[in-house]
Amino acid sequence: MLDPRYAFISACLKGEEPKTITPEHIDRMMAASDLQDALATIRDTDIGSYLEELPVRTFDDLDECLWRYLAQRIRYVESFKFLPGDILKISRAYVTKYDVSNIKAALQRISGAERAVMIPVGIINANSLLDELSNAENVDDIIRLLIQCKLGDFVPALEQYKTEASAKSKLLVETKLEGQYYKDMLNMARGIKDGSVLAMALGLMIDLTNLQIACRAIIEGIGADAAEFLIAGGYRIPDKTIRESLPLKMADIPERLEDSQYQEIAGEVSAAYERTESITAVDEIIDKHKFGMLRDILSPRVLSPLVMAWYLILKEIEIRNLRLIIKTIVDGVPSQGIENCLVL
């Protein structure tokens, strides 16, 4: 029997999609002469109307407003009185990716960075403890805060950093934080409606993340040493396959992947790097394929908690593209140089 709650939330979230920034909006923004002209081109979108009411004059102003916009949209969905429990589970688990990002920023500050740039989204922010995290003086301060916010799953990764605060240890801790995030998401997916579909999507993201790590490691000459930074839980690429690929050259990677779609992606990455000799080509290509896979799997889903997962991803990509375009305009950089960085 059709659950009317899913019909309602599906209608609400799917109804938001036509109000997002389109490629046509992006073309007009990239042709704008300044920040205000660029924002004027998107005033017919939900995010554009939100920004129009705020005193946005610099990139930093915009950056803060955009993340607060995302937090506002999440609170809006979670505020529905008859929200299905699985929708809330996805939302609460998903946003911990921003807690991971903020924990990394806090670690950077502890290790010598001037300040920690925090994103006002996630469980820590919802507990009004983001400033406290930003001002953490040591790892123990972060651990106490995580326990207070019921994010104890991330504590074991930080315990290792306490004993060895080297650059490599920091990278390993960041990898373990990411791995724990995916592990928690997969555990959550096992207990919800259509969770198998979400678990598949997450597994594909892990596959592509590991392929991204491998490609970057090969280009940077790290090779087999990058095995420690791989994330467990992939869907179609066995851990063994990625590990055995690390000592190879970029051009040899595609033929080592048994999955034809991943062969094409690796081949595209290899060709782009050979052409540009820029490591950013790896991230640009793989990020676009991540979004494409998620769109194909999640976007068609209605009357399902997966509408929330797709909504969050869609809003993230919208914000990512908008931040990049506005940064380009503010810095006076030719817009023609960023097309490959946009995810459309």
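Taking the range 115-143 as the search range and keeping residues that are in a loop (DSSP other than H, G, I, E, B) and among the charged types (D, E, K, R), which one is modelled with the highest pLDDT?
Initial filter on the range 115-143 (in a loop (DSSP other than H, G, I, E, B)): 115-122, 127-129, 135-138.
When the remaining residues are screened for being among the charged types (D, E, K, R), the result is 115, 137.
Working: 115: 72, 137: 89.
If we take residues in the range 115-143 being in a loop (DSSP other than H, G, I, E, B) and among the charged types (D, E, K, R), then 137 is modelled with the highest pLDDT.
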> So which of 72, 36 is on the phi < 0 side of the Ramachandran plot, surrounded by fewer than 18 Cβ atoms within 10 Å (Cβ to Cβ) and either aromatic (Phe, Trp, Tyr) or modelled with pLDDT of 90 or more (or both)?
Replying inline: 72
> Residues in the range 68-88: is at least one within 21 Å of residue 124 (Cα to Cα), in the same structural domain as residue 320 (by TED's automatic domain parsing) and not in a helix (DSSP H, G or I)?
Replying inline: yes
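Does residue 92 qualify as being among the basic types (Lys, Arg) and either surrounded by 15 or more Cβ atoms within 10 Å (Cβ to Cβ) or more than 28 Å from residue 306 (Cβ to Cβ) (or both)?
Numbers: among the basic types (Lys, Arg): yes; either surrounded by 15 or more Cβ atoms within 10 Å (Cβ to Cβ) or more than 28 Å from residue 306 (Cβ to Cβ) (or both): yes.
Yes; evaluated as a whole, the condition is true for this residue.
Quick one: which residue in 276, 280 is surrounded by fewer than 21 Cβ atoms within 10 Å (Cβ to Cβ), at pLDDT below 90, over 24 Å from the mean Cα position of the chain (by Cα) and closer than 29 Å to residue 219 by Cα?
Working: 280 fails: over 24 Å from the mean Cα position of the chain (by Cα).
Result: 276 is the single residue among 276, 280 that is surrounded by fewer than 21 Cβ atoms within 10 Å (Cβ to Cβ), at pLDDT below 90, over 24 Å from the mean Cα position of the chain (by Cα) and closer than 29 Å to residue 219 by Cα.
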>> Between 268, 264, which is loosely packed, with under 15 Cβ neighbours inside 10 Å, over 21 Å from the mean Cα position of the chain (by Cα), at pLDDT 90 or above and in a helix (DSSP H, G or I)?
In response: 264
> So is residue 103 at pLDDT 90 or above, touching a Cys at 6+ places or on another chain (Cβ under 9 Å) and of a type in the set (A, V, I, L, M) or not?
Replying inline: no
>> Looking only at the range 21-31, filter to residues that are surrounded by fewer than 18 Cβ atoms within 10 Å (Cβ to Cβ) and over 12 Å from residue 339 (Cα atoms); which one of those is nearest to the chain's Cα centre (by Cα)?
In response: 22
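Here is a yes/no grid of residues against (1) of a type in the set (A, V, I, L, M); (2) at pLDDT 90 or above; (3) exposed (fewer than 15 other Cβ atoms within 10 Å of the Cβ):
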| position | (1), (2), (3) |
| --- | --- |
| 190 | no, yes, yes |
| 197 | yes, yes, no |
| 216 | no, yes, no |
| 230 | yes, yes, no |
| 235 | no, yes, no |
| 245 | no, yes, no |
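The values are calculated or read from the model by the stated rules, or taken from the named source; none is laboratory data. Every value quoted in this text rests on a predicted model; they were computed, and no experiment measured them. In this analysis, Cβ positions are derived from the backbone assuming ideal geometry, glycine residues included, and neighbour counts consider all displayed protein chains.
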